[in-house]
Amino acid sequence: MNKDRVKGMIDEVAGGAKRKAGEMTGNTQMQVEGMVQQAKGKVEKAWGKTKDAVCDAVQNTEVHIDSHVTLKTKNSAVSVDCKKCK
C-alpha cells in the first residue's frame, strides 16, 4: 500500500464526516466540501491502486531478449548471435 492509497482513505473518511456534519447542521457549504473531499479521496485511492498494480507487474516480469543480427555487404555476410542478452 502506498501513500496515495492511505491519503485517499483519510480524505474519503474525513469528507464523509464533513458531509454528514453539514447535513446535520443544515450547512450546505460544508456538505459540498465534504462531498468534494470524498471524491478526491476516491480518486487518490484509485491512483494508488493503479501505481501498486503497475509496480507489482514490473516486479513480477522477466525480460528475455534473443537477438540475431545479419550484416550483409555486396560480397559477404556475417551472422552474429547475442549470447550475453540471454
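The values are calculated or read from the model by the stated rules, or taken from the named source; none is laboratory data. No experiment lies behind these values; they were computed from the predicted model shown. Using ideal geometry, Cβ is built from the backbone for each residue, glycine included, and neighbour counts are taken over all protein chains shown. The accessibility values were calculated without ligands, DNA or RNA, using every heavy atom of the protein model including side chains. Shrake-Rupley method; radii C 1.70, N 1.55, O 1.52, S 1.80 Å.
Return a yes/no flag: does the stretch 37-47 have any residue that is open to solvent by 60 Å² or more (accessible area, probe 1.4 Å), touching a residue at least 24 places away in the same chain (Cβ under 8 Å) and not charged (D, E, K, R).
Of all residues in the stretch 37-47, those open to solvent by 60 Å² or more (accessible area, probe 1.4 Å) come to 40, 42-43, 47.
Now drop any that are not touching a residue at least 24 places away in the same chain (Cβ under 8 Å), which leaves 40, 42-43, 47.
If we keep only those that are not charged (D, E, K, R) too, we end up with 43, 47.
Yes - at least one qualifying residue is present in the stretch 37-47.
Out of the stretch 48-65, which residues are over 27 Å from M1 (Cβ atoms) and open to solvent by less than 100 Å² (accessible area, probe 1.4 Å)?
I65
Write out, first by first residue and then by second, each pair whose Cβ atoms fall under 8 Å of each other, whose residues are 6+ apart or on separate chains, and whose first residue, in the stretch 1-21, is over 14 Å from K40 (Cβ atoms) while the second is acidic (D, E) and in a helix (DSSP H, G or I).
Short answer, once both residue conditions are applied: M1/D52; N2/D52.
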